[in-house]
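**Student:** Here it is: the structure, laid out below.
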Amino acid sequence: MNGDNAISNEEQAATDQTLPCFDGVALVSGAGSRGPGFGTGKASVVLLARLGWAVVVLDSDAARAEETAELVLGEGGRASSFVADVRDSASAGLAVEHAVSTFGKLTTLVNNVGVYKPGLVTQMTDDDLALSLDVNTKGMLYLTRAAVPAMQEAGGGAVVNISSISAHVQASPAGTVAYAASKGAMESAAKILAGELGPLGIRVNTVVPGTLNTPLLQLALSQKEIELRQSVAPLGAGGNAWDVAQAVAFLAGPWSRWISGATLPVDGGLLTVSAAMHSGA
Ligand SMILES: NC(=O)c1ccc[n+]([C@@H]2O[C@H](COP(=O)([O-])OP(=O)(O)OC[C@H]3O[C@@H](n4cnc5c(N)ncnc54)[C@H](O)[C@@H]3O)[C@@H](O)[C@H]2O)c1
């Protein structure tokens, strides 16, 4: 780098040639979609594959995983499905082994899987509480732990987690306490992991989606309700899975090579406004 912190064209060109991004190998969890269209996992797989990554499509539902993998293969990309429940720590190791044996290495992990069980705290059973923490938090930790040695072997890598604005604000009157606890823990863990894994050449960042127009929400809310929720954001309605996928690609790729421990909201600016803005007072 030059002394004035600017980077010359020659340096940028040399950097582009040495970055592993476009021959990277990604493992994306929860990479099917629970309905027609694109969830954030499925969109991330497709975008990463279009950019050159080979992708292992991990989902607990075999048909959903296969559908996403077939989509990539149909576009001429590289993908392989892997059926596993992220709550099973042994499966995390097997998924990483599958990436290495199929595509030769692992450079990128997208911890996309997430489940939301609505309920106020007094309504939540032990099983309800365990579900969010086991899938959303422990699942992310199991996969990250399994991925680290392979990423080191590959010369470095990037972990991208998918959190939620629910980790920061009350996002639904139906109750979000278990979901919020699990996503908040995911965000805290990501910051600590950025410090732990940075010296190994592994970056860890988190995308924080707001309300998205995805199959996940389309099954729970009407189109009008989704748009009403989105319209509270300064940028208004319109956010979908591709907005998250583009943030994932940025944080997985060379453009963010000096970014770690960041949380990036993809929410139309929703987290910048308080209820006062909509109180009419
Ligand atoms: N849609 C939104 O509005 C919104 C908002 C904020 C955050 N998010 C987050 O985005 C992610 C949602 O991803 P999506 O849109 O791809 O959702 P999706 O529900 O369409 O897909 C998730 C996939 O995960 C799989 N899955 C569920 N439990 C699993 C497990 N234990 N092991 C392995 N796979 C499992 C499902 O079979 C499904 O195919 C989640 O982390 C969610 O918390 C979504």
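The values are calculated or read from the model by the stated rules, or taken from the named source; none is laboratory data. Being a predicted model, the structure only gives us computed values, none of them experimental. Backbone-built Cβ (ideal geometry, glycine too); neighbour counts: all protein chains shown. All accessible areas refer to the heavy atoms of the entire protein, side chains included, with ligands and DNA or RNA removed. Shrake-Rupley method; radii C 1.70, N 1.55, O 1.52, S 1.80 Å.
**Student:** Lysine pairs in the chain 8 or more apart or on different chains: how many have alpha carbons under 23 angstrom apart?
**Tutor:** 10
**Student:** At a threshold of 8 angstrom on Cα-Cα distance, excluding pairs fewer than six apart, so keeping six or more, what relative contact order does region 27-167 reach in percent? Please report the intermediate quantities before stating the final value.
**Tutor:** On the way: 238 pairs, mean separation 34.1, N = 141.
24 percent.
**Student:** Next question. When the dipole is taken about the Cα centre of the chain, and only Lys, Arg (+1) and Asp, Glu (-1) are charged at their Cβ, what size is it in debye, to the nearest 20?
**Tutor:** 300
**Student:** Right, next: Mind giving me the nanometre distance, one decimal, between the label points for Arg34 and Thr125, set 7 Å out from Cα along Cα→Cβ?
**Tutor:** 1.7
**Student:** At 20 °C and 1.002 mPa s, grab the translational diffusion coefficient of the chain from Stokes-Einstein with a Kirkwood Rh over Cα pairs, rounded to a whole number in µm² per second. Present the calculation step by step, with values, prior to reporting the outcome.
**Tutor:** Numbers: Rh = 19.2 Å.
Answer, rounded: 112 µm²/s.
**Student:** Per the helix-only calculation at 222 nm, which mean residue ellipticity applies to the chain, given -39500 (n - 2.57) for every DSSP H run of n ≥ 4 and division by its residues, nearest 500 deg cm²/dmol? All intermediate terms of the calculation are to be shown ahead of the outcome.
**Tutor:** Working: 10 runs with 116 residues, N = 281.
Mean residue ellipticity at 222 nm (helix-derived): -12500 deg cm²/dmol.
**Student:** Starting with the highest mean, order 174-180, 36-42 by the number of other Cβ atoms within 10 Å, averaged over the residues of each peptide.
**Tutor:** Sorting 174-180, 36-42 by mean packing, highest first, produces 36-42, 174-180.
**Student:** Counting only protein heavy atoms, what percent of the accessible surface of region 233-281 is carbon or sulfur at a 1.4 Å probe?
**Tutor:** 61
**Student:** Another question, then. With a Förster radius of 51 Å, plug the Cβ-Cβ distance of Arg50 and Ser274 into 1/(1 + (r/R0)^6) and report the FRET value to the nearest 0.05.
**Tutor:** 0.85
**Student:** While we're looking at this one, here's another question. If you keep only loop residues by DSSP, which GluC sites (Glu not before Pro) in region 55-88 have at most 16 other Cβ atoms within 10 Å of their Cβ?
**Tutor:** Taking region 55-88 and a limit of 16 other Cβ atoms within 10 Å, the loop GluC sites (Glu not before Pro) found are Glu75.
**Student:** Let me ask you something else. Computed FRET efficiency, Cβ-Cβ of Glu11 and Arg145, R0 41 Å: what is it to the nearest 0.05?
**Tutor:** After rounding, the FRET efficiency stands at 0.70.
**Student:** Bin width 10 Å, origin at 0, all Cα-Cα pairs of region 131-281: what percent of pairs per bin?
**Tutor:** Whole-percent P(r) values from 0 Å outward: 11, 37, 34, 15, 3, 0.
**Student:** Which far-off residues, 5 or more places away or on another chain, put their amide H under 5 Å from the one on Val204, with H placed in the peptide plane?
**Tutor:** Sorted by chain and number, the residues that satisfy this are Val159, Gly261.
**Student:** Here's something else I'd like to know. Could you tell me the largest-minus-smallest coordinate of the C-alpha atoms of region 241-281 on each of the three principal axes, in descending order and whole angstroms?
**Tutor:** 46, 22, 11
**Student:** Per residue, what accessible area does the chain have, given a 1.4 Å probe and all protein chains present, in Å²?
**Tutor:** So the chain comes to 47 Å² accessible per residue, rounded to a whole number.
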